[in-house]
Amino acid sequence: MLLTITTNATESATGRVPASDLGYLLHKHPDRVQAFDLPVGTAHVFYPEVSEDRCTAALLLEVDPIGLVRGKRFGGDAFALAQYVNDRPYAASSMLAVALGKVWGTALKGRCAARPDLEGVPLPLRIAVPAVPCSGGVDLGGRLFAPLGWDVTARTVALDPQVPAWGDSRYVDLVLEGTMPLADALSHLYVLLPVLDGAKHYWVSTDEVDKLVRNSGAWLASHPERDLVTRRYLAHQRSFVVDATARLDALDDTASSAFTDASELDATADGSEPPTPLVRLRAAAVLSALRDVGAHRVVDLGCGEGALLRELLTDPSFTEVVGLDVAAGVLERAERRLALERMPDSVRARLTLRQSSATYRDRALEGYDAVVLMEVVEHLDLDRLPALERSVFGHARPASVVVTTPNAEYNVRYERLPGGAMRHPDHRFEWTRAEFGVWAAHVAERYGYAVELRPVGEADPLLGPPTQLALFRRDAVSVRAGNDTSSVSGGAA
Amino acid sequence: MTRIAVPELALVALVGASGSGKSTFAAQHFGRFEVISSDFCRGLVADDENDQAASKDAFDVLGYIAGKRLAAGRLTVVDATNVSKDARRQLVELAKAHDVLPVAIVLDVPVSVAVERNRARPDRDFGAHVVRRHHDQLRRSLKGLGREGFRKVHVLSGVDEIASAEVVRERLLNDRRDEHGPFDVIGDVHGCRSELEALLGRLGYVLERDDEGRAVDASHPAGRRVVFVGDLVDRGPDTPGVLRLAMGMTAAGHALAVPGNHEHKLVRALDGARVQVSHGLETTLAQLDDEPGAFRVAVRDWCYDLVSHLVLDDGRLVVAHAGLKEAYHGRASGRVRSFALYGDTTGETDEFGLPVRYPWARDYRGRAMVLYGHTPTPDPEWVNNTMCLDTGCVFGGHLTALRYPEKEVVQVPAEQVWYEPAKPFPVAGSAGVVTDGSSRGDDDLDLADVLGRRVVETAHHGRISIRAENAAGALEVMSRFALHPRWLGYLPPTMAPVATSKRPDVLEHPDEAFTAYADAGVRDVVCEEKHMGSRAVVLVCRDADTAVRRFGAGAGETGAIHTRTGRSFLDTPLTEQLLSRVRAAVDSAGLWEELGTDWLLLDSELLPWSLKAEPLLREQYAAVGAAARAALPVAVETLERAHARGLDVADLLDRTSRRRVHAEAFTVAYRRYCWQVDGLDGVQLAPFQLLAGEGSTWHERGHLWHLEQADRLAAADPETFRSTGRVVVDTSDPQSVAAGVTWWDELTGVGGEGMVVKPSAGLVRTHQGLAQPGLKVRGREYLRIIYGPDYTAPEHLERLRDRNLGHKRSLALREYALGLEALDRLARGEPLWRVHEPVFAVLALESEPVDPRL
């Protein structure tokens, strides 16, 4: 990966500044080739062009692709093939930003001991970075750098010129032109290159908050894309985001911004839902359904990271709360999010978290008051639904079952959702109100439940509510021989 | 000498005062681990065998250990004083909880002896009053022991009797494991003598008749024996005749029998108990009234002596009238008997006040085959290795027998409806008989079938254990992404690459494959072209009817085409289109008849790779190419300018230029895997192995046979099927080996992926066990997309040679054996959970951390 900085001679308050003074500012002699061994690879600094009028400094980072893997520089899964074949040796990412910070650290701080007169002098700069990964559209470069005073040229790179159908890659040839102190320019690159990429090669820890505030405090507070920058720089670690936002708000003298609302962050993280607190409304609808049926011992099947569990635990009338998910990793996150280790014994005793699957029969599910399937059914292929129905309604047979699922009709209200698309990439289907109603009636009939459909969220007069809920009750109909049992017939014994 | 009979499976409570010699007695007559002493448990929990304060904890531990042993079916002796009623009550409850017989052995020695013995032991510091108290308690207890629930009570009085006693282990009455058959197990007869005689005739038995022409015995020339599942009596026209024959056969050793609920009730009626005379009992009693009194007595005794269930053939076969869950096999308790006679109930009653039956067979996971009757069903059907043989003969259905071990059903129809059922009896083939698998309960999979640490027994590689965390990972994939398990009869195993080559320019080379097989003593190998596609398992049924009957298919499904992790490649309509092409090819090749099956499971490659992997190709491989193309030329150009300035960047420039070339080669390599498809146009299937069909697997067949069958499909439809290039190599012949190497050079020289070298014979065992079923030898350019564009640079290649293949090889063997196991089970028609077990295990093993580049 490569980065070049070019400057032309300019006039400053103290007189003409030759272009070759760039060497002083960067603390690297223009006639030498220097190599720095860094944890991310070897950084080479050299000057392909040096004259009074025009001077170019180049930073070339050579990444050792095999050392990269062996040293586990990525926080990712060492047993995934993506570890071994990836764009990291070529694309200008957080590794380049780190190299920049190491090699030109003094310049980044804006200090120039040899020539203090050059500190803070605005220079006409042209910065070229080929192969900048732009996650979220090629215009992102413009959105991030233009507000900071740059003329931005981002030329897109085809994914494969021989397969035109694949279109453009996410890489751009980025050229920034503008006049500003070198230190400012470097700080922009240092912070925004990883933001453009959207990934970090190292584990994001709490000192990242300090780093971000230290390096961008001057300009980020008023940057129109501040929230995006903060979120991406901190790699979607929610608690850090809130922390950094509060500190940036303090710099900016404004009130806390919108996305401290957890639900909105959830919704935008996967780009699937508009910024309404639908997540909250849904949880509230489920809770009120559970209270309506007087459920005390409740199973949240498909609990995810435990958003509903948290709510259930705050109400002591839910004496037993069981959170189940098919993904073991998600359960671990739920454990952290719910701060299981610090939970008071009395609350902890009410909660069980364990792995289960809706399509396998789970004997430990028998005998509960209610099973909640909140936004779960649509993640199953339709031909697996009967297995879920049998394990929940046939075998577990709780007194009540609460099911929520998106209302497909409402999707047209989501501007960011392309027509015909579903709200989440993993959704296998999304039902209209009629389809959901038919399914619910069929399940109720087959397994001896009565069903009531309820809207969740603000309903559109034509399209209905964004989410639909079905409340199944077993006690409301006479006990009949369910699918899994049969009566002893008179003649049989 | 006193003989003490102890059942082989029992909880034995030694009862006696401190110092009565219990531990000595136990050590003399029982095994080291069979005896659990309360003193020892005190020591475990309190470091002191005599710490009475620790008694409660010590007995908790004792109860826990005893429980584990009894659950595992092991005789257990409790060495404690057990002089208090409360202590004994706990032991009786423990025995009942595990359905074993509680037995008491009382050691009654004079107080003076016990006191003296205790005094001689320095660690026993409690006084004579304690021993005396024990002795008094014992005396008071002696009479009541039987009433307390002990099925046998042995009292040994005095030092001499204790010293001379002998313990004899007795087999349980239900333990007939030494009877190996072959058997003909016959369902509920209910007085249908004529049908029974007809069925015995059909089964090849020769009837023996008395002077009055009544059948009194039947024997089989081949020594087969009948097992009656009970309910011989009531409702039908000739209960005495049926009993005469059955009693004669059991007396002559030609039959075994278990009682049904109707025999149970008959005994009570004959004994004069007040029972409700209904459900056909009235018929029996009237018929028996015409018989001599002696016959009635004989009937009563015969029925009374029947043992509620029988465990036969080394535990592989269990017969009980109403079936029996696994935990009760070979056990003895009231509830075991009640289950065997009446079956399991949910505890609820239905609208008629009748108990609601619990379908225990659906949950059955035991190894033993269970045969039973009791509930009339139109057709005998396998449910998890159990079969109900009551096909309602007396209601006008059939009288059914199952030949064991052949698993062959033999039936005769009822001559007429002998007894009107309370509600219409569904006759086989009539409307309303549910046959579709989706409503059949036995394809319910239980979480306990897959989760946690598991051990799968395989025929070819012994016991293979699956770690809990791997099972957890597989559960998510199986639940969220895989096809319905009924379609997943097999997941392909991973395959190990050849040992790393020492040649300077490649990582893999055929030499190592040929050498490896030669070293293992495998002379003939087949090299098969490695297609540039995705591994695909194809399950195709001959018709929709087969798909429904055999696999419980939904509407419009006739099979499946899935990936290594069980995902469907195509949506249902496209899958069905491709399946219909496969079906047509199998039709015209005449394979259905030839192989004697109406469904086939094929191992194959589906091409192009981009069909499944387009997102990966685009987002991973093409992206790497694009980034490299954007970055490297500019870097080279920048370095050239620096070089022109006279800066010393020659090495860096050289390296960077080479990287640019590698990146181009990388792009060329992945492009070979992409071509446009439109619907099925451009999609090809390259089958290379026939995995399984009904009743058959073919892994003992040679690979050339498999490839020949695949060629027949390709000949039938060359557009859909692609033939697999192959070369046979004799690993002991240098010329043949050289030819194999040349073939690989040619394949990979034009960008081919490489080849797989397999033992020609298919499944091969060597002195070290199972041979690797195949070794892949991948091409130099193909490996660029696996190891990265620059992997061929000498400094990289040198480090990459250090790759640990041991784990991968071991994994490949284990997955291979699990795959074979799944195929065997599928072909045998075993229940879904049994097929799913090894299939799931393959997926679980695939989540083991192993270098994905291998």
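Taken together, the values in this text are just the output of simple stated rules run on the coordinates, not laboratory data. Every value quoted in this text rests on a predicted model; they were computed, and no experiment measured them. Glycine gets a Cβ as well: all are built from the backbone with ideal geometry, and neighbour counts include every protein chain shown.
What to note about this one:
- Restricted to Cα atoms, region B:154-208 shows a radius of gyration and a Dmax of 22.7, 63 angstrom.
- Farthest toward positive dipole pole in the protein assembly as shown [+1 Lys/Arg, -1 Asp/Glu at C-beta], among B:Ser810, B:Leu203, A:Val175: B:Ser810
- Dividing the radius of gyration of the alpha carbons in chain B by their Kirkwood radius gives 1.10 for Rg/Rh.
- Zero-based 10 Å bins, Cα pair distances in region A:278-473, whole percents: 9, 37, 38, 15, 2
- Of the residues A:Trp431, A:Ala307, A:Ala421, the one whose Cα sits farthest toward the positive end of the charge dipole of region A:278-473, with +1 on the Cβ of Lys and Arg and -1 on the Cβ of Asp and Glu, is A:Ala307.
- Against the rule of thumb 2.2 N^0.38 Å, how large the Cα Rg of region B:80-224 comes out: 1.84
- For A:355-367, mean number of other protein chain Cβ atoms within 10 Å: 5
- Principal semi-axes of the equivalent ellipsoid, √(5λ) from the alpha carbon gyration tensor of region B:3-170, are 23, 19, 15 Å from largest down.
- Estimated translational D of region B:537-627 in µm²/s (Stokes, Kirkwood radius over Cα pairs; 37 °C; 0.692 mPa s): 225 µm²/s
- Around the Cα centre of the protein assembly as shown, unit charges on the Cβ atoms of Lys, Arg, Asp and Glu (plus for the first two, minus for the last two) sum to a dipole of about 3000 debye.
- For B:Lys502, the lysines whose Cα falls under 26 Å of its own Cα, not counting residues fewer than eight places away in the same chain, are B:Lys530, B:Lys758, B:Lys776, B:Lys808.
- Under Stokes-Einstein, with the Kirkwood radius over Cα pairs as Rh, the value for region A:275-319 at 10 °C and 1.306 mPa s is 144 µm²/s.
- Listed peptides B:564-572, B:8-16, A:381-389 appear in the order B:8-16, A:381-389, B:564-572 once ranked by packing, highest mean of other Cβ atoms within 10 Å at the front.
- Cross-link pairs beyond the 29 Å C-alpha cut-off, checked among B:Lys68/B:Lys407; B:Lys22/B:Lys68; A:Lys28/A:Lys211; B:Lys143/B:Lys325; B:Lys68/B:Lys265: B:Lys68/B:Lys407; B:Lys143/B:Lys325; B:Lys68/B:Lys265
- Solvent-free Debye scattering, log10 I(q)/I(0), computed from the Cα coordinates of region A:101-183 at q = 0.11 Å⁻¹: -0.41
- Among B:Leu447, B:Phe666, A:Ala19 the positive-end extreme of the charge dipole of the protein assembly as shown (Cβ point charges): B:Leu447
- Under the convention that each Lys and Arg Cβ holds +1 and each Asp and Glu Cβ holds -1, the size of the dipole of region B:71-220 around its Cα centre is about 1220 debye.
- Listed by number, the DSSP H helices of chain B that run 30 Å or longer by alpha-carbon position along their axis and have mean Kyte hydropathy of at least 0.5 are B:623-644.
- Computed from the C-alpha gyration tensor, the three semi-axes of the ellipsoid equivalent to region B:159-286 are 32, 23, 12 Å, from longest to shortest.
- Listed from fewest to most Cβ neighbours within 10 Å, the set B:His329, B:His398, A:His442 follows the order A:His442, B:His329, B:His398.
- Across the alpha-carbon set of region B:609-671, the Rg to Rh ratio works out to 1.16, Rh being the Kirkwood radius.
- The protein assembly as shown, helix-only ellipticity at 222 nm - DSSP H runs n ≥ 4, -39,500 (n - 2.57), divided by all residues, nearest 500: -11000 deg cm²/dmol
- Distant-in-sequence amide contacts of B:Ala10, defined by a placed amide H-H separation under 5 Å and a gap of 5 or more residues or a different chain, comprise B:Leu75, B:Thr76.
- Gyration tensor over the Cα atoms of region B:184-433: the corresponding equivalent ellipsoid has semi-axes (square roots of 5 times the eigenvalues, largest first) of 25, 22, 19 Å.
- Highest-first packing order for the peptide set B:738-751, B:681-694 is B:681-694, B:738-751, based on the mean count of other beta carbon atoms within 10 Å.
- Dimensionless Rg/Rh of region B:786-833 - Kirkwood Rh, Rg from C-alpha atoms: 1.36
- Here region A:298-371 is described by how far its Cα atoms reach on the three principal axes: 32, 27, 17 Å, from widest to narrowest.
- Principal axis dimensions, largest first and in whole angstrom, of the protein assembly as shown by Cα: 135, 84, 74
- The alpha-carbon atoms of region A:2-203, seen along their principal axes, cover 57, 35, 28 angstrom, with the largest extent given first.
- Kirkwood hydrodynamic radius (C-alpha pairs) into Stokes-Einstein, region B:38-122, 37 °C and 0.692 mPa s, D in µm²/s: 231 µm²/s
- Shielding of B:634-640 by partner chains, average beta-carbon count, 10 Å: 6
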